[in-house]
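K.L.:
Starting off with a structure, shown below.
Computed from the coordinates by the stated procedures, all read-outs in this text should not be read as laboratory data. Note that the structure is predicted; figures quoted are calculated from it, not measured. Here Cβ is always computed from backbone atoms with ideal geometry, including for glycine, and neighbour counts include all displayed protein chains.
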């Protein structure tokens, strides 16, 4: 009898207890912890570095509204706090309008981006000048400590017991991204279920080798 794997995508868990603080993100973590001693912050870093995770930790703490940059023209500005994700995808005038509205009404906001203010694709002078004046903090590519914690948590969320030596085998052989860590664990989980096998180093070596072919 053939065995079919039914895989269900787990929603991301953006909580403080699942965020691993390390050298790559320590400064950014400190900025978030220091709120409300600032009103607006630009948090930037490469894809898969944990910007969304850290932003959502702040959003939960501050009861902020969360909106994707690409959708910013579809919402009405309101008072309170805001998390604006991936502002590089935002239309300039709606972003400037929301930015001004929040600040004028005493709210706070975090904006995430893949690059610092000078590298963002904006030309509207009022917007570029405001972004350039903001405090900004980088969050770097995840280091081994962050990736190890993320992989361990992904396996735990799936109620899978995986030995630490397996995780240590994976680390130097994977792309340095929290998103890629999630995708790899999902693949290993589905493959192990389909084959009825445990996740061991030989098993991981074979699956990762198949990914590269």
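K.L.:
Based on the Cβ-Cβ distance from residue 79 to residue 21, what FRET efficiency comes out when R0 is 30 Å, to the nearest 0.05? Intermediate results must be reported in sequence, preceding the final value.
P.N.:
Values: r = 31 Å, r/R0 = 1.04.
After rounding to 0.05, the efficiency reads 0.45.
K.L.:
So how far apart, in nm, are the two label points at residue 168 and residue 208 if each is 7 Å from Cα heading toward Cβ?
P.N.:
Going by the 7 Å Cα→Cβ label model, 1.4 nm.
K.L.:
Turning to a different aspect of this structure: With a point put 7 Å past each Cα toward its Cβ, work out how far residue 66 is from residue 186 in nm, to one decimal.
P.N.:
1.6 nm
K.L.:
Moving on to the next point. How tilted is helix 144-157 with respect to the longest principal axis of the chain? Cα atoms for both, answer in degrees (0 to 90, nearest 10).
P.N.:
That works out to roughly 70 degrees.
K.L.:
Starting from the coordinates of the alpha-carbon atoms of region 83-196, obtain the Kirkwood hydrodynamic radius over all distinct pairs and give the value in Å to one decimal. List each step's numbers first, then the result.
P.N.:
On the way: mean 1/r = 0.0582 Å⁻¹.
About 17.2 Å for region 83-196.
K.L.:
Now for a separate question. Measure nothing but the geometry: give the 0 to 90° angle between the long axis through the Cα atoms of 178-195 and the longest principal axis through the Cα atoms of the chain, rounded to 10°.
P.N.:
With rounding to tens, the tilt is 30 degrees.
K.L.:
Any chance you could run the full-extension gain for residue 35 through residue 128? It's 0.36 nm times the residue separation minus the Cα-Cα distance, nm to one decimal.
P.N.:
Working: separation 93, 0.36 × 93 = 33.48 nm, distance 2.36 nm.
My answer for the length gained is 31.1 nm.
K.L.:
On a full-extension model of 0.36 nm per residue, what is the gain between residue 160 and residue 93, subtracting their alpha-carbon distance, rounded to one decimal in nm? Let's see the in-between values first.
P.N.:
Details: separation 67, 0.36 × 67 = 24.12 nm, distance 4.74 nm.
Length difference between fully extended and current span is 19.4 nm.
K.L.:
Over region 87-130, how many percent of alpha carbon pairs lie in each 5 Å bin up to the one with the longest distance?
P.N.:
In order of increasing distance, the bins hold 5, 21, 34, 27, 11, 2 percent.
K.L.:
Now, a different point. When the helix-only estimate is applied to the chain (DSSP H runs of n ≥ 4, each -39,500 (n - 2.57), divided by the residue count), what is the mean residue ellipticity at 222 nm, nearest 500 deg cm²/dmol? Mind showing how you got there, number by number?
P.N.:
Details: 8 runs with 92 residues, N = 213.
Mean residue ellipticity at 222 nm (helix-derived): -13000 deg cm²/dmol.
K.L.:
A further question on this structure: Taking R0 as 22 Å, what's the FRET efficiency between residue 145 and residue 47 from their Cβ-Cβ distance, rounded to 0.05?
P.N.:
Details: r = 20 Å, r/R0 = 0.89.
After rounding to 0.05, the efficiency reads 0.65.
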